[in-house]
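Novice: My structure is below; once you've seen it, I'll send some questions.
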Amino acid sequence: MKKLFGISLLLTCLLGCDKEKIVQASCDIQKTYSDNAEKVTITSGIWGTVSSMEGDCMPMVPPSTSSCKTCPVKRTVKIYEYTTPDQATPYNNSTTFFDSFSTQIVAEIDTDDDGFYQANIPAGHYTIVILENGKLYANGRDGQGGLSPVIYSGEIQKVNLTMTYKAVF
């Protein structure tokens, strides 16, 4: 019985270790950015990678190691007309999560497993957010207070989106 328990424990550890290696390999965000660039099929519009950053992301002096990692994630990207905080309903007084916007939605795109998305939209000024746990996640602002703003000129444009609410800076 003790041998069976020991073998079971060893297998669990080995399987857990292999799973961790798989997760770490998929968190090579620079490789993901490069691979996703090859998926672009639009000739005008925006494209990019959605990722999530987590862990201690404070700058460190080598040889220290950081627990910070940025991994691509499968999410829904929503593109709205340019939106300011007075056109948004915050979730629980948050400055990054919102229940809704009063502006018009222009496009909604589901990313693939590598966080890749693309959308053919007309030139304009937009707010681009990530749907996270049923809420609109917008972590950037411009000088006028616009939420996650993007100015699209009509030429193909890369717009990577990173959720940072699980990271410590």
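Quick note: the coordinates plus some simple rules give every number you see, no bench work behind them. Computed from a predicted structure; not experimentally measured. Ideal geometry is used to build each Cβ from the backbone, glycine not excepted, and the neighbour counts take in all protein chains shown.
Novice: For region 126-169, rounded, prolate or oblate, judged on the Cα gyration tensor with a ≥ b ≥ c (square roots of eigenvalues), a/c < 1.5 rounded, else prolate if a/b > b/c? List each step's numbers first, then the result.
Specialist: Numbers: a/c = 1.82, a/b = 1.61, b/c = 1.13.
Prolate, because a/c is 1.5 or more and a/b exceeds b/c.
Novice: In addition: For region 28-169, what is the Kirkwood hydrodynamic radius in Å, using each pair of distinct C-alpha atoms? Walk me through the numbers on the way to the answer.
Specialist: On the way: mean 1/r = 0.0633 Å⁻¹.
Here the Kirkwood hydrodynamic radius works out to 15.8 Å.
Novice: Here is a further query. Pop the C-beta distance of Asp113 and Ser44 into the FRET formula with R0 = 35 Å and round what comes out to the nearest 0.05. Don't skip to the answer; put the middle values down first.
Specialist: Details: r = 25 Å, r/R0 = 0.72.
Efficiency for this residue pair is about 0.85.
Novice: What FRET efficiency, computed as 1/(1 + (r/R0)^6) with R0 = 45 Å and r the Cβ-Cβ distance, is obtained for Thr103 and Met60, rounded to the nearest 0.05? Please list the in-between numbers first.
Specialist: On the way: r = 40 Å, r/R0 = 0.89.
FRET efficiency, Thr103 to Met60: 0.65.
Novice: Let me know the number of lysine pairs in region 29-168 closer than 22 Å at the Cα, not counting same-chain pairs under 8 apart.
Specialist: Step by step, the pairs that qualify in region 29-168 add up to 17.
Novice: Oh, and also: So what's the net charge close to Ala107: Lys and Arg +1, Asp and Glu -1, counting the other residues with Cβ under 12 Å from its Cβ? Mind dumping the intermediate values first?
Specialist: On the way: positive: Lys78; negative: Glu81, Glu108, Asp110.
Charge balance near Ala107 sits at -2.
Novice: Which one of Ala119, Gly143, Ala107 has its Cα pushed farthest toward the positive end of the charge dipole of region 29-168, where Lys and Arg give +1 and Asp and Glu give -1 at the Cβ?
Specialist: It is Gly143.
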